[in-house]
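Asks: Mind looking over this structure? Questions follow.
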């Protein structure tokens, strides 16, 4: 079972005029609490907290994180030692057939630093990423196109 606790409180703001804070918290099963909010690109500050994580950012991060975790596992099993993995993932929104915005594409930009002589050839790196994509639970759970741009 996967759980997350979401908590929001009005805090005395004028709710009925839609000028209330969207700031809230996410609490996960290990006890980690994350400050969350709507995106300031959607709901302007001060009703949004620009320093908090918004759901769209979390969505992109979850895809990137899932891919990375599978990539690391697959690389280790193949005998390739990874020293560092970085990704500056980007989500793109557009309107669907009903005119509703959705995250239609997430582009991953993984940069892997390998240990010494364990760097695989570029075609094998692409295969490792493809296998990671095929195993990622999040990738199987969304209709969003996921693109992996390897440098």
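What follows draws every value from the coordinates through simple rules; no lab data is involved. Just so it is clear, the model here is predicted, and its values are computed rather than measured. With ideal geometry, Cβ positions are generated from the backbone for all residues, glycine too; neighbour counts draw on all protein chains shown.
Asks: Translational D (Stokes-Einstein, µm²/s) of region 1-53 at 37 °C and 0.692 mPa s when Rh comes from the Kirkwood sum over C-alpha pairs? Before the final figure, lay out the partial values.
Replies: On the way: Rh = 11.8 Å.
Using the Kirkwood radius from Cα pairs, D works out to 277 µm²/s.
Asks: Would you calculate a helix-derived [θ] at 222 nm for the chain, using -39,500 (n - 2.57) for each DSSP H run of n ≥ 4 and dividing by the full residue count, to the nearest 500?
Replies: Numbers: 3 runs with 42 residues, N = 151.
Rounded to the nearest 500, it is -9000 deg cm²/dmol.
Asks: Still on this structure: With each pseudo-label sitting 7 Å past Cα toward Cβ, what's the residue 105-residue 85 distance in nm, one decimal?
Replies: Going from the residue 105 label point to the residue 85 one covers 2.4 nm.
Asks: Hey, could you pull the Cα Rg and Dmax for the chain, both in Å?
Replies: 18.8, 63
Asks: Using only the alpha-carbon atoms, how far is helix 55-77 inclined from the longest principal axis of the chain? Give it as 0 to 90 degrees, nearest 10.
Replies: Helix 55-77 sits roughly 20 degrees off the main axis of the chain.
Asks: While we're here: Looking at region 55-148, what % of its DSSP beta bridges pair antiparallel, to the nearest 5? Please report the intermediate quantities before stating the final value.
Replies: On the way: 11 of 15 bridges.
For region 55-148, the DSSP antiparallel bridge percentage is about 75.
Asks: Return the whole-Å distance between the Cα centroid of region 50-73 and the Cα centroid of region 99-151.
Replies: A separation of 12 Å, based on Cα centres.
Asks: To test your reading of the geometry: what angle, between 0 and 90 degrees and rounded to tens, separates the Cα axis of helix 122-135 from the longest principal axis of the chain?
Replies: So the helix axis and the longest Cα principal axis differ by about 50 degrees.
Asks: Still on this structure, please answer the following. Using the Cα gyration tensor of region 25-92, with a ≥ b ≥ c the square roots of its eigenvalues, what is the shape: rounded (a/c below 1.5), prolate (a/b larger than b/c) or oblate (neither)?
Replies: On the way: a/c = 3.63, a/b = 2.12, b/c = 1.71.
Prolate, because a/c is 1.5 or more and a/b exceeds b/c.
Asks: With each pseudo-label sitting 7 Å past Cα toward Cβ, what's the residue 24-residue 7 distance in nm, one decimal?
Replies: The answer from the label model is 1.3 nm.
Asks: Using only the Cα atoms of region 77-151, what are the Rg and Dmax in Å?
Replies: 15.1, 52
Asks: Would you kindly state how much longer the chain becomes between residue 92 and residue 72 on full extension, computed as 0.36 nm times their sequence separation minus their alpha carbon distance, in nm to one decimal? All intermediate terms of the calculation are to be shown ahead of the outcome.
Replies: Numbers: separation 20, 0.36 × 20 = 7.20 nm, distance 2.56 nm.
Full extension of this stretch gives 4.6 nm more.
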